[in-house]
1. How high is the relative contact order of the chain, in percent, counting Cα pairs under 8 Å that sit 6 or more residues apart?
2. In square nanometres, what is one fourth of the surface area of the convex hull spanned by the alpha carbons of the range 116-167?
3. Using only Cα atoms and rounding to the nearest 10 degrees, what angle (0 to 90) does helix 18-27 make with the longest principal axis of the chain?
4. Using only the Cα atoms of the range 65-118, construct the convex hull and provide its projected area averaged over every direction, in square nanometres to one decimal.
5. Quote the Stokes-Einstein diffusion coefficient, in whole µm² s⁻¹, for the chain, based on the Kirkwood radius over alpha carbon pairs, a temperature of 25 °C and a viscosity of 0.890 mPa s.
6. Taking 0.36 nm per residue of sequence separation and subtracting the Cα-Cα distance, how much length would be gained by fully extending the chain between residue 123 and residue 168, in nm to one decimal?
7. Extension gain residue 68-residue 31, at 0.36 nm per residue separation less the Cα-Cα distance, in nm?
8. Give me the Kirkwood hydrodynamic radius of the range 90-138, using the inverse of the mean 1/r over all pairs of distinct Cα atoms, in Å to one decimal.
Ligand code: GDP
Ligand code: MG
């Protein structure tokens, strides 16, 4: 019995690893040249929270973010969001505030995680730990550092959000 189904939207600049994250979490794979499968809007995975089955549906943007034309339909009914930036892409970090604002515009206040992805490339970091933590506090979001490539902390992101939604 599925007690709860949660739509999670994953936003952030192009190239930060959003599609890879969805693939990793739902299919358990990491491929260098992931291309969106035509016709698939989201992938899902079922987990257990407090003994109850929860279905997590992860929605991909299919590259629309690069043209700033994510449709309202993408956000509709979302109960949680993930704001992703890359350790090696300064502009993607600077854009996080704007992504938060866009999600809030469409979804009001929903449980949200800021994800710093590509921590396997920490030697090439263009953001400091301090400024990332400061931003997360300012935006009142949980911060989780991940490597989709090395499969570090990816599951924690969705477990955290599912737990939050389960409590509501
Ligand atoms: P999207 O545009 O946000 O959907 O990003 P993609 O999922 O297409 O990923 C962009 C590139 O970053 C691809 O070449 C991925 O293989 C790579 N990538 C994604 N996650 C990681 C990671 O954790 N570490 C490293 N080193 N590369 C990653
Ligand atoms: Mg993508």
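Each value in this text was obtained by applying a stated rule to the coordinates, not by laboratory testing. Here the structure is a predicted model, which means the values were calculated and not measured.
1. Here the relative contact order equals 27 percent.
2. Details: hull surface 15.8 nm².
With the hull built on Cα positions only, its mean projection is 3.9 nm².
3. Helix 18-27 sits roughly 40 degrees off the main axis of the chain.
4. The Cα convex hull of the range 65-118, projected and averaged over all directions, gives 3.7 nm².
5. On the way: Rh = 16.0 Å.
The calculation lands on 154 µm²/s.
6. Answer, rounded to one decimal: 12.3 nm.
7. Working: separation 37, 0.36 × 37 = 13.32 nm, distance 2.53 nm.
Difference between extended and current length: 10.8 nm.
8. Details: mean 1/r = 0.0831 Å⁻¹.
Evaluated over the range 90-138, this radius sits at 12.0 Å.
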